[in-house]
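Here's the structure, in structure tokens; my notes come after.
The values are calculated or read from the model by the stated rules, or taken from the named source; none is laboratory data. Predicted model, so just to flag it, every value in this text is computed and none were measured. Virtual Cβ from ideal backbone geometry, glycine too; neighbours counted across all protein chains shown.
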Amino acid sequence: MATLLVDKRDQLFVLNEMLHIEELCRHPKFKEVSGFEMVLTEAHRFARSVFLPTIEPGDREGCAFDPKTASVKLPECFQSAYEKFKEGGWLAMCDSREVGGDGFPMSIGTAVAEIFYAAGFYIFGAAELCHAGAKVLELFGTDDQKALYMTRLYSGEWMGTMCLTEPDAGSDVGAIQSTATPNADGTYRLTGTKIFISAGEHDLTPNIIHMVLARVEGDSPGTRGLSLFIVPKYLSDDNGNLGERNDVVCTGIERKMGLHGFPTCTIAFGDKGHCTAYLLGERGKGIMEMFHMMNEQRLLVGVQGLSYTSAAFLHAVEYARNRKQGSSVYAARSEAEEQVTIVTHPDIKRMLLTMKAYAEGGRALAYYIGWCIDHAGVTDGQERERWHGLVGLLTPVLKAYLTDNAWQMTGLAIQCAGGNGYCSDYPFERLARDCKVAAIYEGANGIQAIDLLFRKLLADKFVHFSELMKQIDQTIIVAGSNSSLESCANAVKDIKDKLEQVVTHLIALAEAKNMPSLYAKAAPLLETIGDVILGWMHLWQLTIAYPRLKELDGEETEPETLCKKKDGAFYYGKVACARFYIETLLKRTDGKISELRSDADPVVYMFDKSFSG
């Protein structure tokens, strides 16, 4: 296996055999870009040779905060790695050439992001915040703001942040207290404190551009009164020459469970009364503008979760292939007393197949969403709205489902490796520590579930949910036409039909104004929808991999012989994994559906004083 980060062969399967990326790339929008497999090859090489060596020192050394200078120093090796990343032009690879990008499809960019997250979140995670800031400037900035800030963020010359959270305003963004006062010259004087600011202070770039949500004095309370401001660490002239330090100070960094090489900062704006801020877009439209950054980051955080699952799975496979322990339970394959590698033991296989199912199903979902974004970019009218609607519906699912699964799958990888999995000699425990925060980033997963239920389903009147169900139905029809896949097709159809019945039940709750019950069922609903979508992804893959396997099969029925043929082991694994998910893991979703359809409401009627004595 070429890498223990991301399975490139599976990436190519999803892009080429599932999504047929070459058909999309015939569109004039993508006519000037080519060589997608070469891009993935180079991304893997770069990740292994440049990003991966930063992980261990990043975790071991961490970030150093100097209270005297209010500065944060990152591990020394980060500097050259970031410079090489910047020189490679990776950051804007999917953006238009008009803003300095390369114009690659988002589905390709998603595949590259998975590789880079798996190898170097400390640097890549910080860099992606540059991209989010540049994109919101591209959409809402003035020409002068684009020339000064957007170009430098897209190139990585300067870095950026998103500043929302405050000590008393976490998920309740409308409670933000940061205030902006208009100055006579059109700028604003900003005051306030933001917490949990990713990459809020560091020494990778000479300037950091903060995108800050604040309320102009006198504007209405809640989210409707918020505006978005550009707040540079250093003020500059129109040519980007740095001048005086703005009144922006890092007052400390968090001591965290994981992501030790990634600074999480508290930032004080305007403690001395001289923080200069520039309005971005329209006054009072800040939350709408910030949502462009947040939705981009939510998709990326989902890919981040996927990358942890992928790396944990591949490391677990490698460990299990080399660790010898116990004798084989397959009497025909081995002498009873001979010690075998643990990958042959059924319980280890069960855990590895579970990780494989969530890694490869999650990869298919992530790349599919990128593919939907690509189609929205090459269509118009109702067709474009259809693709945009699918992206909006699936965004909270990708973010929450893949990050929740990352925590479970990294734990399963630790279990595979036994005591060694719990020790820092192996990467398993770091992957578990690093992945957990992804379920909290960009709106905790409970918030994603509420967004899914109330905005993406109920407020949308289930229009795009129905479109999703139609797409699943199409795959079921294709799979059902093959007698060897009929049972899997029926299993996915059965669980999909039950999900639609659950939706009818939730509509009834909404019509009855039973809001507490709806809120209580939001997270279980998102998990259930995620299960069903992964069932669809695996069935879709099965309709491709099974015929490919049969083409290789010929007269051969012995798996061991078949797997020696070119791509034989790969397609055999795809078929086995898809069947395992549909015929085993997806069966558990029946219980979740029963939970959602139940009228019992112990969650709703539980009192706070009853949680403990």
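Given the conditions (1) of a type in the set (Ser, Thr, Tyr); (2) under 25 Å from the mean Cα position of the chain (by Cα); (3) not in a strand (DSSP E or B), which single one is not true for Tyr149?
Condition (2) is where Tyr149 drops out.
Taking Ser328 as the residue in question, decide whether it is surrounded by fewer than 23 Cβ atoms within 10 Å (Cβ to Cβ) and under 29 Å from Tyr426 (Cα atoms).
yes
Looking at region 178-192 only, could you name the residues that are at negative phi and buried (at least 19 other Cβ atoms within 10 Å of the Cβ)?
Listed by number, the residues that qualify are Ser178, Ala180, Tyr188, Leu190, Thr191.
Consider Gly88 carefully, then state whether it is closer than 21 Å to Thr151 by Cα, outside the structural domain of Thr403 (by TED's automatic domain parsing) and small (Gly, Ala, Ser). Write out each step before concluding.
On the way: closer than 21 Å to Thr151 by Cα: yes; outside the structural domain of Thr403 (by TED's automatic domain parsing): yes; small (Gly, Ala, Ser): yes.
Spelling it out, Gly88 is indeed closer than 21 Å to Thr151 by Cα, outside the structural domain of Thr403 (by TED's automatic domain parsing) and small (Gly, Ala, Ser).
Could you tell me whether Arg363 is modelled with pLDDT of 95 or more and surrounded by fewer than 20 Cβ atoms within 10 Å (Cβ to Cβ)?
No; evaluated as a whole, the condition is false for this residue.
Scan region 333-355 and report the pairs whose first residue is among the small types (Gly, Ala, Ser) and whose second residue is part of a loop (DSSP other than H, G, I, E, B) and modelled with pLDDT under 95, with Cβ atoms within less than 8 Å and a gap of 6+ or a chain change.
Ser334/Ser328; Ala336/Ser328
Among Gly243, Gly200, which is the only one that is without any contact (Cβ under 8 Å) to a residue 12 or more places away in the chain and either among the β-branched types (Val, Ile, Thr) or on the phi < 0 side of the Ramachandran plot (or both)?
Numbers: Gly200 fails: without any contact (Cβ under 8 Å) to a residue 12 or more places away in the chain.
Testing whether each residue is without any contact (Cβ under 8 Å) to a residue 12 or more places away in the chain and either among the β-branched types (Val, Ile, Thr) or on the phi < 0 side of the Ramachandran plot (or both) leaves just Gly243.
Please determine, by comparing only the residues of region 17-55 that are in a helix (DSSP H, G or I), more than 26 Å from Gly120 (Cα to Cα) and not hydrophobic (A, V, I, L, M, F, W, C), which one is modelled with the highest pLDDT.
In this case the residue turns out to be Glu17.
Name the residues in region 497-507 that are closer than 14 Å to Asp601 by Cβ and either outside the structural domain of Val463 (by TED's automatic domain parsing) or over 29 Å from the mean Cα position of the chain (by Cα) (or both), would you? Walk me through it before giving the result.
Residues of region 497-507 closer than 14 Å to Asp601 by Cβ: 505-506.
Across region 497-507, the qualifying residue is only His505.
Scan Thr561, Thr504 and give me the residue that is loosely packed, with under 14 Cβ neighbours inside 10 Å, more than 28 Å from Asn405 (Cα to Cα) and hydroxyl-bearing (Ser, Thr, Tyr).
Answer to the check: Thr561.
Whether any residue in region 97-117 is assigned by TED's automatic domain parsing to the domain that holds Cys25, among the β-branched types (Val, Ile, Thr), surrounded by fewer than 24 Cβ atoms within 10 Å (Cβ to Cβ) and part of a helix (DSSP H, G or I) is what I want to check.
Yes.
Could we say that Lys566 is in the same structural domain as Tyr358 (by TED's automatic domain parsing) and at pLDDT 95 or above here?
no
Taking the options Leu40, Leu12, Leu19, Leu52, name whichever one is out of contact with any His (no Cβ under 8 Å at 6 or more places or on another chain), farther than 29 Å from Val575 by Cβ and either among the aromatic types (Phe, Trp, Tyr) or surrounded by 15 or more Cβ atoms within 10 Å (Cβ to Cβ) (or both).
Only one candidate passes the filter, namely Leu52.
Which of the residues belonging to region 177-206 are more than 16 Å from Pro263 (Cβ to Cβ), touching a Gly at 6+ places or on another chain (Cβ under 8 Å) and in a loop (DSSP other than H, G, I, E, B)? First the steps, then the outcome.
We begin by selecting, within region 177-206, every residue more than 16 Å from Pro263 (Cβ to Cβ); these are 177-193, 206.
If we keep only those that are touching a Gly at 6+ places or on another chain (Cβ under 8 Å) as well, we get 177-179, 189-192.
Hits for region 177-206 are Gln177, Ser178.
Do you know which residues across region 73-94 are surrounded by 20 or more Cβ atoms within 10 Å (Cβ to Cβ) and within 28 Å of Glu138 (Cβ to Cβ)? Full working, then the answer.
Step one: of region 73-94, the residues surrounded by 20 or more Cβ atoms within 10 Å (Cβ to Cβ) are 74-75, 78, 81-82, 85, 90-94.
Across region 73-94, the qualifying residues are Leu74, Phe78, Ala81, Tyr82, Phe85, Trp90, Leu91, Ala92, Met93, Cys94.
Being more than 27 Å from Ala376 (Cα to Cα) and not hydroxyl-bearing (Ser, Thr, Tyr) narrows it down to one of Arg26, Arg45, so name that one.
Just one listed residue meets the conditions, Arg45.
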